[in-house]
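Input: a single structure, listed below in structure tokens.
The values are calculated or read from the model by the stated rules, or taken from the named source; none is laboratory data. Predicted model only: the values in this text are computed from it and were never measured. Neighbour counts are summed over all protein chains in view; Cβ atoms, including those assigned to glycine, are modelled from backbone coordinates with ideal geometry.
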Amino acid sequence: MNTWSLKRLKRPLSVLATVYGSLLIFVPGPVFGEVGLRVVTDIAPVQSLVWRVMDGLGEPAVLVPPGTSPHHYALRPSDASVLQQADLVFFVGAGLTPWLEGRLPVLSPRADKVNLSSAPGVVIWPYRTLALSHEDESEDGHEHSHGNGHGHSHGDADDAVDPHMWLDPVNARKWLILIGEVLARADPANATRYRENAKKGADEISDLMDQLAHRVIDLKRDGFIVFHDAYQYWERRFGFSAQGAMLPADASTPSPKRLKALRTLVETGKVSCVLSEPQFDRSLIDSVFASQSIRIGMIDPEGVGLIPGPGLYPQLLSNIVERVSECLQRP
Ligand SMILES: [Zn+2]
């Protein structure tokens, strides 16, 4: 057994430690695989896609640890250290990690930096509003905190983009091919292997999409509320539409008006299920719907509790479909 596969076996232990994390004191910092290019990614789903392309040749590191919301993350000294050594950095950009992009030129001066939101052909959606309009929300004195307080400004165009674009598997497929090309150029000796892996990964995602589309065929597509408004890419691809979100897409604090609109929505009977997320505190859901009868499920856009690696991304997609289906079907 080579060092690469040994390392992979050790990985699930650290994941479990992090997931059952209320007891946890130490969250391990990001690490590179022991061979190959030094590649850094922002979140676990992106790490998974890059890992699929590097499979057998190396392991990419990830900055945001499992169970942490990328919207509110702060870089640690161990992150700065891997960024400093990186040959390549892949990140979603477009407002997902406002703490990262502006600092990359300094933190990762020699790395090739790939902003996946501007990859060719990627489907991009603007922020949406559910259950109430933006005007309603700002009337209420809600402060839109996106991008504030992170020590850098970023453009209006970025601010208008919903950054959860990895939840559209068609985007993931495009990214795989791009990642394959970028790695092939950075490490020409292994170019063929990167391109083959990318192609296989893209084909696997196509097959999975067919299976998942079949799985949801008989479901009512709109009777649910999500925790943070992260799922429009997934919803559009699979024909769902959430009725509301507890938090806006940048996961900023919800206004009382938003929460009242959600309670009203539940009263009308249009919604039977609310989906919490592992990286946020569920007590908000419990208090908002305390006097109402609604099923509570859980979905996860970031792969918390899944084993990091090439299989995380497909598993994350299947889990969302499975959990939404269960929540909508339960009697
Ligand atoms: Zn999010």
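Look at W175 and say whether it is within 16 Å of the ligand (Cβ to nearest atom), modelled with pLDDT of 95 or more and buried (at least 18 other Cβ atoms within 10 Å of the Cβ). Quick ask: steps written out before the conclusion?
Values: within 16 Å of the ligand (Cβ to nearest atom): no; modelled with pLDDT of 95 or more: yes; buried (at least 18 other Cβ atoms within 10 Å of the Cβ): yes.
Considered against the rule, which asks whether it is within 16 Å of the ligand (Cβ to nearest atom), modelled with pLDDT of 95 or more and buried (at least 18 other Cβ atoms within 10 Å of the Cβ), W175 comes out as no.
Which ranges mark the helices (runs of 4 or more DSSP H) fully within the stretch 30-111 that have 3 or more residues being within 16 Å of the ligand (Cβ to nearest atom) and closer than 30 Å to D229 by Cα?
Correct list: 44-54.
Sort out which residues of the stretch 226-249 are away from the ligand (no atom under 14 Å from the Cβ) and touching a residue at least 60 places away in the same chain (Cβ under 8 Å), and write them in order of number.
R236, R237, F238, F240, Q243, G244
Conditions (1) buried (at least 22 other Cβ atoms within 10 Å of the Cβ); (2) farther than 23 Å from H71 by Cα, marked per residue:
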residue	(1), (2)
F227	yes, no
G239	no, yes
K257	no, no
L265	no, yes
F280	no, no
G303	yes, no
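Somewhere in the stretch 175-183, is a residue within 28 Å of F280 (Cα to Cα) and in the same structural domain as V92 (by TED's automatic domain parsing)?
yes
Those residues that are closer than 30 Å to H214 by Cα and either away from the ligand (no atom under 16 Å from the Cβ) or assigned by TED's automatic domain parsing to the domain that holds W166 (or both), I need them from the stretch 269-286; list them, please.
Answer for the stretch 269-286, where residues must be closer than 30 Å to H214 by Cα and either away from the ligand (no atom under 16 Å from the Cβ) or assigned by TED's automatic domain parsing to the domain that holds W166 (or both): G269, K270, V271, S272, C273, V274.
Listed residues P314, P310; which is at pLDDT 90 or above, assigned to a loop (DSSP other than H, G, I, E, B) and not small (G, A, S)?
P310
Specify which of the listed residues (D162, D168, D187) is away from the ligand (no atom under 16 Å from the Cβ) and among the acidic types (D, E).
Being away from the ligand (no atom under 16 Å from the Cβ) and among the acidic types (D, E) holds for just one of D162, D168, D187, which is D187.
Where residues in the stretch 147-172 are among the aliphatic types (A, V, I, L, M) and not in a helix (DSSP H, G or I), which of them is modelled with the lowest pLDDT? Quick ask: steps written out before the conclusion?
From the stretch 147-172, those among the aliphatic types (A, V, I, L, M) are 157, 160-161, 165, 167, 170, 172; that's our starting set.
Retained after the next criterion (residues that are not in a helix (DSSP H, G or I)): 160-161.
Values: A160: 85, V161: 90.
Taking the candidates together, the pick is A160.
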